[in-house]
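Worksheet: one structure, shown below.
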Amino acid sequence: MGFQKRRRVQLLCTVALSGLAGAAAAQEQTDTGAMTQLGRVVLGAGAEKVAIDVPQSVSVVNEEEIEREQADTVGEVLDRLPGVTAIGSESVFGESFNIRGIGAGGSADEPKIIMSINGVNKYYEQYRLGSFFADPELFKRVEVLRGPASSTLYGSGAIGGVIAMEAKEASDFLDGDDNFAVRQKLQYTDNGNGRLSSTALAFAPDQRFDVMAAFVFRDSDKKEDGDGVELPATEFETRSQMINSAYRFGNDGAHQARFFFESFYSDAKKQDYNQIDGGWGQVDRTYEDQTAQLIYTYNPADNDLINADLMIEYSDTTVEMENCVGCFLPEADFSYSTWTFQAENEAVWSGANYENILTFGLSHSVQDRQGETAAGTGISYHPDGETTTTGIYAQNEFIWDDRLTVIGGLCFDEMTLSPGQLITATDDDTTKDAMAATLAVHYKLNEAFAVFGSAAYTERLPTIDEMYDTRTRPTPALGTLDPEESENFELGFSFTHQNLLTQSDRFDLKATAFQNNMRNQIVSNTAGLSVDGIVPSRLNLDRTRIQGLELEAAYASDLFFGSLAYTRMDGKNLSNPVSDNAKLEDTIPADTIALTLGRYLPQWDMKLGWSLTHAKSKSRVSGGTTLDADTYTVHDVFASWTPDQGMFADAEIRLGVDNVFDKTYRKHLNSNNSAGRSVSLTLAKTF
C-alpha cells in the first residue's frame with residue numbers, strides 16, 4: 001500500500017491503471033461498457049478519477065502495450081505518445097528523451113526531464129552517450145507527465161516533464177490461489193539477429209509476504225536500415241536482474257516494508273566511442289546501473305489523516321572505458337551515484353459534497369559525480385563533484401461535488417554544489433535556492449464535456465557540469481549562472497461519448513494547448529560572449545518560448561480498439577545573439593501523427609492490429625552542418641494469441657512486423673537512419 005500510495009501522490013493525479021491496447025481492454029467492463037486509455041480509472045493524490053478528468057497532460061503505456069512493441073529500449077515503447085520523442089540513435093546505449101521540445105542528447109538536458117524507476121530518480125550524462133540504461137522487459141507500466149507541473153512533487157527543475165517506470169511484481173504473475181509461478185519468455189528479431197530470454201519467478205506463501213525475481217538476457221548484431229546499410233553502434237549484449245518484495249504486518253496490515261533492487265550490466269567490446277552518430281574510434285565499455293529502494297509504510301485503517309512513508313533510495317550509473325583505439329576524446333570513467341532520504345504523508349478528510357487530500361513531505365539527497373581519465377587526471381567536461389539537495393513540498397487536492405477539482409502545490413529546494421578534487425578552477429562551494437508552484441483546475445460541464453487549465457512555475461538549478469565545465473571555454477561559469485525559469489500554461493477540453501456505435505463502446509478525446517515561457521536557459525557559450533567581465537563556458541539566454549498542441553483520442557468496444565495521437569509544436573529563441581526570434585529547431589521534434597487500429601477475435605483468443613506513424617519534414621543544424629529529415633510514413637502490424645484455457649492456457653505468442661515496407665527514413669532529432677523492416681516473434685509461458 002505504501003509504494004502504491006506514493007506513486008499516486010508523485011504522479012500528480014496521473015497514474016492510469018492500464019492503457020488502451022491490450023486483451024484487458026476488451027475483457028474489462030464497467031457499467032458503461034468498454035474502457036479506453038483515457039477512460040480508465042486513475043489513482044490521483046488520494047481520489048480516484050479517470051484519465052480524461054485529469055487537469056494535466058499524461059500518457060500511460062501499460063504492460064500489454066510494452067509486450068506488443070517487443071522493444072529493446074524504453075524509448076521504443078514511447079514513440080507513439082504525443083509530445084514525447086526518443087532521441088539520439090538506434091543504439092541501446094545512445095538513447096535520450098525529449099518532452100515538449102526539451103531534451104537534446106549530449107547537451108546536459110538530462111536534469112530537465114526526470115526519469116524514475118519505482119519512484120527512484122535516475123540520472124546520467126556523458127557526451128555522445130545516452131542517459132538511461134534499463135531493460136523495458138522489467139516494467140509493467142511507463143507513465144509520462146508532460147510539462148513542469150510535476151515539479152511540485154518531484155522537485156523543482158522538471159521543465160520538460162517526468163518519465164516514470166513501474167516494475168513488475170509478484171501479483172502480476174500469480175493467478176487466483178496460486179502462491180508460486182514461473183514465466184519464461186523467448187524473443188527473436190530478424191533485423192540484427194536479436195535475441196531475448198526473460199525468466200521471472202513469483203512467490204507469495206500468504207497474504208503478508210510476496211517476492212518476485214527476474215533475470216533478462218538480451219543481445220543483437222548490427223541492425224540495418226531500409227537500404228540494407230548497417231546502422232552504427234547498434235550491436236549490444238546486456239544482462240538485467242530485479243527483485244521486488246513486500247512484507248505486511250500489524251493489525252490489518254497497517255505496516256508494510258518493501259524492498260526493490262534492479263541492475264543492468266553490459267561488457268561491450270570494440271564499441272563505437274560515439275553512440276549517437278557512430279565512429280570517433282573504438283573502445284571497450286562496461287555499463288553498470290543499479291537501483292535500490294527500501295520503504296516503510298504506516299497506514300492505519302482507522303485514521304485517514306495518516307498514510308506515511310519513510311524511504312531510503314540509491315541510484316548508481318557507472319560507465320568505464322579501456323583499450324581506446326583512435327578515440328576523439330580521452331579514455332575515461334564516469335560515475336553518478338545518489339543517496340536519497342524521503343519522508344511523506346497523505347492526509348484525507350471529506351464532507352457531504354467534498355473531499356480534500358493533502359500531501360506533504362521532505363527529501364534530502366546527495367549525488368556524487370566522478371569523472372577521471374585513465375591517467376588519473378580530471379576531465380574538463382562532465383567534471384567531478386558533489387551535489388546536495390534538500391527540499392520540502394506540499395500539494396493539496398480539493399474535489400467539490402464530483403465536478404470541480406482544484407490542485408495547488410509548492411516546492412522549495414536548496415542545492416549546494418561542491419567541486420571535486422580534480423577541479424582546479426575553484427574549491428569554493430556554491431549554494432542556490434529554487435522553487436516550484438502549480439495550480440490546476442478541472443471542471444465538468446456535463447457528462448460529456450469538461451474543461452481544464454493549469455499554470456506552473458519552476459526553477460532548475462545549474463548542475464556540476466554546467467557550473468564547472470571548461471571544455472568549451474577555459475573559464476568555468478561558476479557564479480555567473482542563474483537558475484533556469486519556466487512559466488508554463490495549459491488549456492484544454494475533453495469529450496466522452498458512450499454507446500457511440502454499439503451498446504458497449506466508448507470514445508474519448510482530449511486536447512491540450514500549452515505555452516512554456518523560459519528565462520535564463522543555460523547553453524554552451526559557443527559564441528564567446530562576455531559575462532561579468534569573463535568569457536564563461538556556459539551562459540544564460542534571456543528568453544525562449546515553446547508552444548504547441550497535443551491531441552489524444554481513443555476508441556474501444558468488445559471487438560475493436562483504436563487510438564490517435566497528434567503533436568505539433570514550435571519554439572523560438574527570443575534572445576538569440578545572431579538573429580532575433582530564431583527557431584529552436586535543434587530540440588523541437590517534427591509534427592507527428594500516430595494511429596493504431598485493431599480487432600479482437602475473442603473466439604480464438606487473438607488480437608490483430610495495425611499502426612501508422614507519420615512525421616513532417618524538418619531541418620536542424622548539427623556541428624555546422626544542416627541535417628534535413630524528409631517526411632515519412634511508417635506502417636507496423638502486430639498479432640497475438642493468448643489462450644486463457646485448455647492445454648495452452650497461460651501461453652503467449654506474439655508476432656510483430658515494424659516498418660512493413662522497409663522504408664529508409666531518419667527521425668528529425670536523430671543523426672542516423674532508423675531500422676528497416678524488423679520481424680519479431682515472442683513465445684512465453686507461465687507455469
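Computed from the coordinates by the stated procedures, all read-outs in this text should not be read as laboratory data. If you're wondering where the values come from, they're calculated on a predicted model, not measured in any experiment. Virtual Cβ from ideal backbone geometry, glycine too; neighbours counted across all protein chains shown.
Counting other beta carbons within 10 Å of each Cβ, put LEU145, LEU305, LEU549, LEU329 in order, fewest first. Working shown, then result.
On the way: LEU145 29, LEU305 12, LEU549 16, LEU329 19.
Least to most surrounded, the residues fall as LEU305, LEU549, LEU329, LEU145.
Pull out a ≥ b ≥ c, the square roots of the eigenvalues of the alpha-carbon gyration tensor of the stretch 365-408, then state rounded if a/c is under 1.5, prolate if not and a/b is larger than b/c, and oblate in the remaining case.
prolate
Per-residue Cβ neighbour counts within 10 Å put VAL61, VAL77 in the sequence VAL77, VAL61, beginning with the fewest.
Just subtract the alpha-carbon distance of VAL451 and ALA375 from 0.36 nm times their residue separation and send over the number in nm, one decimal. Mind dumping the intermediate values first?
Details: separation 76, 0.36 × 76 = 27.36 nm, distance 6.00 nm.
Using 0.36 nm per residue and subtracting the Cα-Cα distance, I get 21.4 nm.
Take the Cα of VAL523, step 7 Å toward its Cβ, do the same at VAL621, and the gap between the two points is 1.0 nm. Short-range pairs are left out: with C-alpha atoms under 8 Å and at least six residues apart, the relative contact order of the stretch 70-203 is 19 percent. For the stretch 303-455, the dipole from Cβ point charges (+1 on Lys and Arg, -1 on Asp and Glu) about the Cα centre works out to 600 debye, to the nearest 20. Stretched out straight at 0.36 nm per residue, the stretch from ALA213 to LEU601 would grow longer than its current Cα-Cα span by 136.4 nm.
Relative contact order for the stretch 127-185: what is it in percent, counting Cα pairs under 8 Å that are at least 6 residues apart?
Details: 54 pairs, mean separation 17.1, N = 59.
Relative contact order comes out at 29 percent.
With charges set only on the Cβ (+1 for Lys and Arg, -1 for Asp and Glu), what does the dipole of the stretch 528-687 come to about its Cα centre, in debye to the nearest 20?
Working: 17 positive and 19 negative charges, 69 e Å.
Dipole size: approximately 340 debye.
Shape annotation for the stretch 88-227: C-alpha extents along the principal axes are 49, 46, 22 Å, from largest to smallest. In the chain, a dipole from Cβ-located charges (positive for Lys and Arg, negative for Asp and Glu) runs towards its positive end, and of THR388, VAL621, PHE217 it is VAL621 whose Cα lies farthest in that direction.
Would the stretch 61-100 count as rounded, prolate or oblate if I go by the C-alpha gyration tensor, calling it rounded below 1.5 in a/c and otherwise prolate when a/b exceeds b/c, oblate otherwise?
On the way: a/c = 2.97, a/b = 1.23, b/c = 2.42.
Because a/c hits 1.5 or more and a/b fails to exceed b/c, the stretch 61-100 counts as oblate.
Bridging of LYS222 to lysines at a Cα separation below 19 Å is possible for LYS269, LYS270, LYS663, LYS667, once same-chain residues fewer than 8 apart are set aside. For the chain, averaging the sequence separation of C-alpha pairs within contact (under 8 Å, six or more residues apart) and dividing by the residue count gives a relative contact order of 12 percent.
Entry for the stretch 549-687 at q = 0.11 Å⁻¹: log10 I(q)/I(0) = -0.59, Debye formula applied to identical alpha-carbon scatterers, no solvent contribution. Taking 0.692 mPa s as the viscosity and 37 °C as the temperature, the Stokes-Einstein diffusion coefficient of the stretch 197-286 based on its alpha-carbon Kirkwood radius rounds to 200 µm²/s.
Averaging 1/r over every pair of different alpha carbons in the stretch 357-513 and inverting the result gives a Kirkwood radius of 19.4 Å. Counting neighbouring Cβ atoms within 10 Å and putting the fewest first, the residues ASP662, ASP508 line up as ASP662, ASP508.
From its DSSP helices (H runs of at least four residues, each -39,500 (n - 2.57)), the chain gives a residue-normalised ellipticity at 222 nm of -1000 deg cm²/dmol.
Only one residue of GLN293, ASN499, GLY279 has its Cα farthest out toward the positive end of the dipole of the chain, where Lys and Arg carry +1 and Asp and Glu -1 on Cβ, and that residue is ASN499. For the pair ASN251 and HIS364, a Förster radius of 45 Å applied to the C-beta separation gives a FRET efficiency near 0.90, rounded to the nearest 0.05.
Return the equivalent ellipsoid semi-axes of the stretch 117-179 as a descending list in whole Å, where each equals the square root of 5 times an eigenvalue of the C-alpha gyration tensor.
Values: eigenvalues 164, 55, 15 Å².
Taking √(5λ) for each Cα gyration eigenvalue gives 29, 17, 9 Å.
Could you work out the equivalent-ellipsoid semi-axes for the stretch 482-609, taking the square root of 5 times each eigenvalue of the Cα gyration tensor, largest first, in whole Å?
Working from the Cα gyration tensor, I get semi-axes of 47, 15, 11 Å.
For Kirkwood radius over Cα pairs in Å, computed directly from the structure shown, the correct entry in (1) 27.3; (2) 25.7; (3) 28.9 is (2). Peptides 633-643, 346-356, ordered by how many other C-beta atoms sit within 10 Å of their residues on average, highest first, read 633-643, 346-356.
Here the stretch 474-556 is treated with +1 on each Lys and Arg Cβ and -1 on each Asp and Glu Cβ, and its dipole about the Cα centre works out to around 140 debye.
If you take the square roots of the eigenvalues of the alpha-carbon gyration tensor of the stretch 148-261 and sort them as a ≥ b ≥ c, do you get rounded (a/c under 1.5), prolate (a/b over b/c) or oblate? Note, shape of the stretch 148-261 comes out oblate.
Among 528-535, 436-443, 296-303, how do they line up by average Cβ neighbours within 10 Å per residue, starting with the highest? Mind showing how you got there, number by number?
Details: 528-535: 11.1, 436-443: 20.9, 296-303: 14.9.
Listed from highest to lowest mean packing, they are 436-443, 296-303, 528-535.
Find the centroid of the Cα atoms in the stretch 90-167 and in the stretch 637-670, then give the distance between the two in whole Å. Using only Cα atoms, the two centres lie 26 Å from each other. What's the local net charge at LEU669, with K and R +1, D and E -1, over the other residues with C-beta under 10 Å away? Spelling it out: positives minus negatives among the neighbours equals +2.
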